[in-house]
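One structure is given below, represented as structure tokens, and several questions about it will come after.
The values are calculated or read from the model by the stated rules, or taken from the named source; none is laboratory data. Not measured: the values here are computed from a predicted model. Methodologically, a virtual Cβ is constructed for each residue, glycine included, from the backbone with ideal geometry; neighbour enumeration extends over all protein chains shown. Note: accessible area is taken over every heavy atom of the protein model, side chains too, but ligands, DNA and RNA are not part of it. Shrake-Rupley method; radii C 1.70, N 1.55, O 1.52, S 1.80 Å.
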Amino acid sequence: MTDDQPPPRLLLVEDDPDTAAYVCDGLAQDGIAVTCAANGTDGLSLIFSCEWDIIVLDRMLPGMDGMAVLVRLREAGIRTPVLFLTTMDGVASRVDGLRGGADDYLVKPFAVRELAARVAVLLRRAGPARHVTTLRMAGITLDLLTREVTRYGDRLHLQPQEVKILEYFMRNPGTVLSRQMLLLYAWNVDFPVRTNIVETHISRLRDKLGHDGRQLIQTVRGVGYILRDVDLDHSRGG
């Protein structure tokens, strides 16, 4: 890591305070900033509230177990590398974690230097993507640091939830996102609710994107919404 790069941001979801302290102290030697959550519910909330470079996730957690957290974040389209911690040293357990979307696993008890080495490998695999600070598509520019959004150079005045929805679409172009996936990503609501909040925010976002907003964010009837990079004439002359 060079001096002009920010330290990697790691989220540790671990309910044992001694293990959490062991990991935090060990990874600090490598300049990795660690944030801790002590249960699955708080961990999932942090996953959806911030951008992380890597997630270290314990399987056995109170409130919501690690497998449920892993499945939820992958269903929401979050591709952050996940290293699974488990005391279950069995092939079936490891296969379940990898099939659920984990990138690597480590069996407890473990040496913190091995964890650090595995974290370093996952960060290298993620490559330049973890340093991306701007998303661009269809004339839209979204600054991930300032949360400012422009389209063809004109600033769009979006509400925070509208920015989150747009970011989710721009990270998953050409992918149908269901109403429940949008609720989970933008509002951290992981259960069915009777509300039109998604539809309302999508409508406002389309209006703010301009005259082709509906062609950009298209409705897939009965399934959800999809962001398409439409090729339209955006000349300022008319």
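Can you pull out the residues in the stretch 100-122 that are outside any loop (DSSP other than H, G, I, E, B), open to solvent by 20 Å² or more (accessible area, probe 1.4 Å) and not acidic (Asp, Glu)?
Within the stretch 100-122, 105, 107, 113, 117, 118, 120, 121 meet the criteria.
Does at least one position in the stretch 161-173 carry a residue that is acidic (Asp, Glu) and open to solvent by 30 Å² or more (accessible area, probe 1.4 Å)? Before the answer, list the steps.
We begin by selecting, within the stretch 161-173, every residue acidic (Asp, Glu); these are 162, 167.
Subsequent filtering for residues that are open to solvent by 30 Å² or more (accessible area, probe 1.4 Å) retains none.
Within the stretch 161-173, none of the residues are acidic (Asp, Glu) and open to solvent by 30 Å² or more (accessible area, probe 1.4 Å).
Just name the residue that is surrounded by the fewest Cβ atoms within 10 Å (Cβ to Cβ) out of those in the stretch 140-151 that are in contact with a strand residue (DSSP E or B) (Cβ under 9 Å, 6 or more places away or on another chain) and outside any strand (DSSP E or B).
Here is the first cut: in the stretch 140-151, the ones in contact with a strand residue (DSSP E or B) (Cβ under 9 Å, 6 or more places away or on another chain) are 140-145, 148-151.
After this cut, where a residue has to be outside any strand (DSSP E or B) as well, the list is 144-145, 148.
Details: 144: 15, 145: 8, 148: 15.
Only one residue tops the list, namely 145.
Out of 27, 57, report the one residue that is more than 21 Å from residue 167 (Cβ to Cβ) and in a strand (DSSP E or B). Steps first, answer last, please.
On the way: 27 fails: in a strand (DSSP E or B).
The conditions single out 57.
Between residues in the stretch 49-74 that are surrounded by fewer than 16 Cβ atoms within 10 Å (Cβ to Cβ) and residues that are of a type in the set (Asp, Glu) and part of a helix (DSSP H, G or I), which pairs lie under 9 Å by C-beta distance while being six or more apart or on different chains?
Correct list of pairs: 63/42.
I've got another one for you. For the stretch 15-30, indicate whether the set of residues that are under 19 Å from the mean Cα position of the chain (by Cα) and not assigned by the TED database to the domain that holds residue 163 is non-empty. Can you show your working first?
Within the stretch 15-30, the subset under 19 Å from the mean Cα position of the chain (by Cα) is none.
No.
Hey, can you tell me all the residues within the stretch 152-196 that are among the small types (Gly, Ala, Ser), closer than 14 Å to residue 138 by Cα and either touching an Asp or Glu at 6+ places or on another chain (Cβ under 9 Å) or assigned to a helix (DSSP H, G or I) (or both)?
174
While we're here: Can you pull out the residues in the stretch 180-195 that are among the charged types (D, E, K, R) and open to solvent by less than 60 Å² (accessible area, probe 1.4 Å)? Before the answer, list the steps.
Filtering the stretch 180-195 for residues among the charged types (D, E, K, R) gives 190, 194.
Across the stretch 180-195, the qualifying residue is only 190.
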